[in-house]
Amino acid sequence: MQLTAWVNGRFLPLDESTIHIEDRGFQFADGVYEVIACFGGKFLELDAHVDRLQRSCEGIGIRLLKSRPELIELIHETYRRNPFDHAMIYVQATRGVAPRSHLITQAVEPTLVITSRELPFPSSEKLSAGASAITLPDIRWKRCDIKSIALLASVIGKQEAARQNVDEAFWLDDEGHLLEGCATNCFAVINGDIVTHPLDHQVLGGITRYLALKVAREHGITVVERPWKLDEPGLTECLMSSTTNAVVAVSHIDKITIGDGKAGPVSLKLRQWMLDEFEAMKQ
Ligand SMILES: Cc1ncc(COP(=O)(O)O)c(C=O)c1O
């Protein structure tokens, strides 16, 4: 399929879409983004994603020229022009084009780009065996609650994970608590409860994290939002969540086997409950 992108006011074939070299997104990573899943034409938590995009924009002082309904319509239209059965829609907003200077000296029109691509699913082997991860000291900035396009630390983390032949790198705070992954939130099952780092400046408020915790609570699992470490007594499973993965068990971290070394019962149930929720949403 020839992909079509929304780029600054018009739809273009992806191959022909370009951004000015003085775009502040290119010069300074001065921008924010969203990734939204769409199954069979139904968006997953679109409102929550648009809310987060607006919060991210406010967080760095970008004022989008599109109203919320206009933005939502553009997201739908981008999907209609790239209608994958399972799609992920990227929405990226930067401060816009201006002569290169750190200081924002003039009002510039924000750049807005929207694309739709096929959403890949984790393989069934990965789902039953569980994913693998490493931990790394957190080298990111102190506003991880903003979904910034400044992803250099995540690129480095992912590269290191790939070099060590694992799927994800989880960031550790100075005391050794697991915060989140390069592109995922992470959780532990400790004495049957789901434990995850509370929402603060050190983690992104993942939309899938929110959904997973909601679904877990609805099924009677206690959710505890507190800092946690890998060596806690009673820890039997680890999981990670993201728009592109839903929820996936993590069975090996830093070459340590978690639980019995494959996807554990809570992870598998939670994933199934989430998929059921996605199915129900399609009806
Ligand atoms: C650092 C980070 N944490 C968590 C997530 C998961 O967020 P969501 O569930 O909204 O995709 C992402 C997704 O890209 C991320 O980059």
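Looking only at region 106-152, which residues are out of contact with any Ser or Thr (no Cβ under 9 Å at 6 or more places or on another chain), among the charged types (D, E, K, R) and crowded, with 18+ Cβ neighbours inside 10 Å?
Residue satisfying the conditions is D138 alone.
Take residues that are out of contact with any helix residue (DSSP H, G or I) (no Cβ under 8 Å at 6 or more places or on another chain), under 16 Å from A150 (Cβ atoms) and without any contact (Cβ under 8 Å) to a residue 40 or more places away in the chain and tell me which of the strands (runs of 3 or more DSSP E) falling wholly in region 1-73 contain 1 or more.
none
In this structure, does I207 turn out to be hydrophobic (A, V, I, L, M, F, W, C), modelled with pLDDT of 95 or more and within 13 Å of the ligand (Cβ to nearest atom)?
Against the criterion (hydrophobic (A, V, I, L, M, F, W, C), modelled with pLDDT of 95 or more and within 13 Å of the ligand (Cβ to nearest atom)), I207 qualifies.
Mind counting the residues in region 230-254 that are away from the ligand (no atom under 13 Å from the Cβ) and either under 14 Å from the mean Cα position of the chain (by Cα) or crowded, with 16+ Cβ neighbours inside 10 Å (or both)?
10
What is the one condition in (1) away from the ligand (no atom under 11 Å from the Cβ); (2) out of contact with any strand residue (DSSP E or B) (no Cβ under 9 Å at 6 or more places or on another chain) that N165 does not satisfy?
(2)
Within region 105-113, identify whether any single residue is within 16 Å of the ligand (Cβ to nearest atom), among the aliphatic types (A, V, I, L, M) and in contact with a helix residue (DSSP H, G or I) (Cβ under 8 Å, 6 or more places away or on another chain), and answer yes or no.
No, that holds for no residue.
Return yes or no: is H86 within 16 Å of the ligand (Cβ to nearest atom), more than 15 Å from T111 (Cα to Cα), out of contact with any helix residue (DSSP H, G or I) (no Cβ under 9 Å at 6 or more places or on another chain) and in contact (Cβ under 8 Å) with a residue 40 or more places away in the chain?
Taking the combined requirement at face value, the residue satisfies it.
Testing L65 on (1) at pLDDT below 95; (2) surrounded by 19 or more Cβ atoms within 10 Å (Cβ to Cβ), one condition comes back false. Which one is that?
So the condition that L65 fails would be (2).
For S101, state whether it is more than 24 Å from R143 (Cβ to Cβ), free of Cβ contacts under 8 Å to residues at least 40 places away in the same chain and loosely packed, with under 14 Cβ neighbours inside 10 Å.
No.
With respect to the numbered conditions (1) under 14 Å from T111 (Cα atoms); (2) away from the ligand (no atom under 16 Å from the Cβ), which one is the sole condition not fulfilled by G40?
(1)
I need the full set of residues from region 168-204 which are without any contact (Cβ under 8 Å) to a residue 40 or more places away in the chain and either in a strand (DSSP E or B) or within 11 Å of the ligand (Cβ to nearest atom) (or both), in order please.
The answer is A169, W171, L172, E180, C182, D193, V195, T196, H197.
With respect to the numbered conditions (1) over 23 Å from I207 (Cα atoms); (2) not in a loop (DSSP other than H, G, I, E, B), which one is the sole condition not fulfilled by M88?
Condition not satisfied by M88: (1).
So M274 passes all but one of these: (1) over 26 Å from V35 (Cα atoms); (2) among the hydrophobic types (A, V, I, L, M, F, W, C); (3) surrounded by fewer than 23 Cβ atoms within 10 Å (Cβ to Cβ). Which condition number does it fail?
(1)
The values are calculated or read from the model by the stated rules, or taken from the named source; none is laboratory data. Nothing here was measured: the structure is a model prediction, and the numbers come from that model. Positions of Cβ are generated from backbone atoms using ideal geometry, with glycine treated the same way; all protein chains shown enter the neighbour counts.
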